[in-house]
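K.L.:
This is the structure, below, for whatever I ask next.
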Amino acid sequence: MKTLKVAGFLAFTSLKRGNFGVLLLTILILVLVTLNLLFVPSLLRGLVHGADGKLKDTFAGDIVIESALDNPLIPNLNTLIPKIEAIGGVVAVTPRNNMVSEMRYENERTSGVVYGIVPEREKEVFTISKSMVEGDFLASGDRNQIVLGIQLAGAGNPGIELYSRSLKKVHAGDRILVTFGDGIQKNYTVKGIFRSEFIQTDTQAFVSEAEFETVNPLAANRASSIRVKINDTADSAAIIEQIKQLGDGLRILTWEDYAGIMRSMTDSFQSIDTILNVVNLLVAGITVFVVTYIDVTNRRRQIGIQRAIGIMPGCIAIAYLLRAAFYAVLASMLASLAFLYVIMPVEARYPFHFPFGDVKLLIGFTDLTRAIFILMCAAIIAAFLPVWLALRIKILDAIWG
Amino acid sequence: MNRTQPPSLYAASSSVIELAGTITLAERCSVGGTACRAPYLKADIVVENNLIYNVHELNKTYDTGKVKIKALDSVSFAVPDGDMLAIMGRSSSGKSTLLRQMGLLDRPTSGSLIFEGKEVTGLPEGDRTRLRLTSMGYVFQEYALLGELTAHQNVYLPGMMLGKNGSGYKERARELLELVGLGQRTGHYPKELSGGEQQRVAIARALINSPSVLLADEPCANLDTISSKSVMETLVRLNSQLKVTIIFISHDPADKKYARSLIVLSDGKIAEESKAAKL
């Protein structure tokens, strides 16, 4: 306790009476290092969170029910859907049919999946209807009308990711020719174009259930999949278990089963994050090492005097380690504040644009404490080495050189 | 430690003439009060209970790689508790080297150093540091104050390290600064003090843990005449008031008058050893 008290006293007085410019510069470098430590994980977290949200809200829903039988269509929708809706925690249910098709407009052609949907149900499960950039979303009973994702329509916007493979200049009100997988061809008026900012969704097209049944009469009272939205707080495993009780021929998937690409991408980001963290920590460690080394070299005589008057070497070492810890804690606190109250709000206003949506930086308490802890460890280890070397010098050599 | 002066050494301490009389370790032991033979020492080393230091056959050789310099050559002497001993000699005679061995700042090449009845030559560094903290006060030639601390903080730092009396060391530091005449300068940093004032702060610091001995390495070397006088008088007063043993180095023959005993070194050997210098 005495040792810690004296070490704290020595650390405090050296900080108080030390070179303010050096202190400021050291803190500044460590702030930048901390920001780097915080930035990549928060970008990654934001990326995953944003992509997961888009995946759930525009592509998969929370739970996907498919047929487990040879026949890919789930039968008896009229009785099955009310049963699913009756399960506690289920918010909404929407059936979908789909068929691969080719679309043409003037000399351009592209391919995509056309979904037959129940527009009113769809609006309760997905947010696509809120992402219209041209025209309107479908309404129940719409015939001969189709809604296109922007990556199919192109909409005269060369900035989109798949513009070269799109119909390029299709706008709401234009007519396109759709050739379905079963060979049926039909002209459709484009009722609207949506841009969900999730590329897998934006390569989809929608027609009403009634319209889809005209192309594929087998789809009546059947669906190739049923998408379920549940409460945020609901126990999805329990709901899945209850859905399984409704029939043997059902295969239940969660939105996470659709997130394979995202997981592989985030794994790559994790690797990048790890590499950047190692580099950052090396920078932090070397910075603290250099600052401490120069300081210790300049104060070699002072350290010698301290030892000569009976201050224990361990106490002197702890004083330097406390100072390094102070640098790290102050820098990481300043960096955290700057990150939370400057960088994140600014980034939220001008978010990074990714093919799977705008990404907002997201940081958790664990990430913050981890960054602070890692930086503090790096600083303390880096400070220890020069102090240890200085304390090995004979007292007289330290005082008189 | 009994601070009563041994009558055999100080019976005639008021006589200046007796300064010239030299005394050997063997003679001292034969006339000394309560002599004893330490079982762990060589047979010819005798320890007196009232001796604070017993230096025996101390050698220190500096090896520069090309040449070996013998800074101390079989130096033997004893210092009674409460003494005021001056170590004098020309430059490079080994004065500072000797004091550094006695202050446990350096290790002798060979020989024995007994401090307060205990062999300290081979003590591990941690124990030497603790002894410096608890029992020795060291005053350096160049003041050696810590520039980031005020005079008061400089003085109480070793007290804080020892931490004997809670936070009483702060009050004691103030008292010591008063004692050395710097009661009004407690909040001043070393660079705001004159050389003499800094040296007096260093003396106060050396006394904070009530050491058995205060070792001063040419405390007046960098001071003007007035400051030197002030510092030396401070040492005399401390020796008298606090009964602390003081061993100081000086190259100024005039400083003999402050000492009770005298050792003159020449080429690392004791050339002259006198008792009973006039206070």
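The values are calculated or read from the model by the stated rules, or taken from the named source; none is laboratory data. Source: prediction; values computed, not measured. Backbone-built Cβ (ideal geometry, glycine too); neighbour counts: all protein chains shown.
K.L.:
Consider A:Lys16 against the criteria (1) among the basic types (Lys, Arg); (2) away from chain B (no Cβ under 14 Å); (3) under 28 Å from A:Ala371 (Cβ atoms): it satisfies all of them except one. Which criterion is unmet?
P.N.:
Of (1) among the basic types (Lys, Arg); (2) away from chain B (no Cβ under 14 Å); (3) under 28 Å from A:Ala371 (Cβ atoms), only one is false for A:Lys16: (2).
K.L.:
Of all strands (runs of 3 or more DSSP E) completely enclosed by the stretch A:47-153, which ones contain at least 2 residues that are among the hydroxyl-bearing types (Ser, Thr, Tyr)? First the steps, then the outcome.
P.N.:
Values: elements: A:63-67, A:90-105, A:108-117, A:132-135, A:145-149.
Qualifying strands (runs of 3 or more DSSP E): A:90-105, A:108-117.
K.L.:
Still on this structure, I have one more. Six or more apart or on different chains, Cβ atoms under 9 Å: show the pairs whose first residue is in the stretch A:378-393 and not assigned by TED's automatic domain parsing to the domain that holds A:Thr26 and whose second is surrounded by fewer than 23 Cβ atoms within 10 Å (Cβ to Cβ).
P.N.:
none
K.L.:
A further question follows. Can you confirm whether B:Glu175 is more than 16 Å from the chain's Cα centre (by Cα), assigned to a strand (DSSP E or B) and away from chain A (no Cβ under 14 Å)?
P.N.:
When the stated conditions are applied, B:Glu175 does not pass them.
Yes/no matrix, rows are residues, columns are (1) away from chain B (no Cβ under 14 Å); (2) among the polar types (S, T, N, Q); (3) at positive phi; (4) crowded, with 18+ Cβ neighbours inside 10 Å:
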| residue | (1), (2), (3), (4) |
| --- | --- |
| A:Thr297 | yes, yes, no, no |
| A:Met333 | yes, no, no, no |
| A:Tyr350 | yes, no, no, no |
| A:Phe365 | yes, no, no, no |
| A:Ala379 | yes, no, no, yes |
| A:Lys394 | no, no, no, no |
| A:Ile399 | no, no, no, yes |
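K.L.:
Kindly list, by first and then second residue, each pair from a residue in the stretch B:96-125 that is within 14 Å of another protein chain (Cβ to nearest Cβ) and under 17 Å from B:Leu85 (Cα atoms) to a residue that is part of a helix (DSSP H, G or I) and modelled with pLDDT under 95, limited to pairs with Cβ atoms under 8 Å and residues at least 6 apart or on different chains.
P.N.:
Filtered contacts from the stretch B:96-125: B:Arg100/A:Leu396; B:Gly103/A:Ala308; B:Gly103/B:Arg132.
K.L.:
Please go through the stretch A:176-194 and pick out each residue that is in contact with a helix residue (DSSP H, G or I) (Cβ under 9 Å, 6 or more places away or on another chain) and under 9 Å from A:Glu102 (Cβ atoms).
P.N.:
Hits for the stretch A:176-194 are A:Val178, A:Phe180.
K.L.:
Criterion first (at pLDDT 85 or above and part of a loop (DSSP other than H, G, I, E, B)) does A:Asp232 satisfy it? First the steps, then the outcome.
P.N.:
Details: at pLDDT 85 or above: yes; part of a loop (DSSP other than H, G, I, E, B): yes.
So A:Asp232 passes the test.
K.L.:
In the stretch B:99-128, what residues are of a type in the set (A, V, I, L, M, F, W, C) and either assigned to a loop (DSSP other than H, G, I, E, B) or over 14 Å from B:Asn54 (Cβ atoms) (or both)?
P.N.:
Of the residues in the stretch B:99-128, the ones of a type in the set (A, V, I, L, M, F, W, C) are B:99, B:102, B:104-105, B:113-115, B:120, B:123.
Scanning the stretch B:99-128 gives B:Leu99, B:Leu104, B:Leu105, B:Val120, B:Leu123.
K.L.:
Say whether the condition of being over 27 Å from A:Lys54 (Cβ atoms) and within 36 Å of the chain's Cα centre (by Cα) is met by at least one residue in the stretch A:202-215. Don't jump to the end; show me each part of the working.
P.N.:
Of the stretch A:202-215, the ones over 27 Å from A:Lys54 (Cβ atoms) are A:210, A:213-215.
Remaining after also requiring within 36 Å of the chain's Cα centre (by Cα): none.
Checking the stretch A:202-215: not a single residue is over 27 Å from A:Lys54 (Cβ atoms) and within 36 Å of the chain's Cα centre (by Cα).
K.L.:
Being free of Cβ contacts under 8 Å to residues at least 60 places away in the same chain and either surrounded by fewer than 19 Cβ atoms within 10 Å (Cβ to Cβ) or small (Gly, Ala, Ser) (or both) is true for just one of A:Gly135, A:Gly116, A:Gly141. Which residue is that?
P.N.:
Numbers: A:Gly116 fails: free of Cβ contacts under 8 Å to residues at least 60 places away in the same chain; A:Gly141 fails: free of Cβ contacts under 8 Å to residues at least 60 places away in the same chain.
Testing whether each residue is free of Cβ contacts under 8 Å to residues at least 60 places away in the same chain and either surrounded by fewer than 19 Cβ atoms within 10 Å (Cβ to Cβ) or small (Gly, Ala, Ser) (or both) leaves just A:Gly135.
K.L.:
Go through the stretch A:67-122 residue by residue and tally those that are among the basic types (Lys, Arg) and under 18 Å from A:Ile240 (Cβ atoms). Step through it out loud before you land on a result.
P.N.:
To start, the set of residues in the stretch A:67-122 that are among the basic types (Lys, Arg) comprises A:83, A:96, A:104, A:109, A:121.
If we keep only those that are under 18 Å from A:Ile240 (Cβ atoms) as well, we get A:83.
So the count comes out to 1.
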